[in-house]
Amino acid sequence: MSEAINELQQRYEKLKGQAVLDEGAEALIADLFAEVERLQASNLTLRKTILKTSSKESRMSTKLRDALYE
């Protein structure tokens, strides 16, 4: 995912060099990139939390689980 963000930032820098953007547009785009990076970090944290939670679930043997469900 960060590769996609890096590619977008490079494209933005290239376009910024070719065209003149007003300060408001540049500030908005910078804020959007910052928000994307924050959300990406949050997403990664949530994924790690979910993986930890799912790995701590009860690990019954399949024989025991099958016997309990019968």
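Report the trypsin sites (Lys or Arg not before Pro) located in the chain that are in a DSSP loop and have at most 11 other Cβ atoms inside 10 Å of their Cβ, or state none.
56, 59
What number comes out for the charge environment of residue 17, summing +1 per Lys or Arg and -1 per Asp or Glu over other residues with Cβ under 13 Å away? Let's see the in-between values first.
Numbers: positive: 11, 14, 16; negative: 13, 26.
Value of the local net charge: +1.
Read the figures in this text as sums done on the coordinates, not as results from a lab. Computed from a prediction, not measured in an experiment: that's the story for all the values here. No Cβ is skipped: glycine too gets one built from the backbone with ideal geometry, and neighbour counts run over all protein chains shown.
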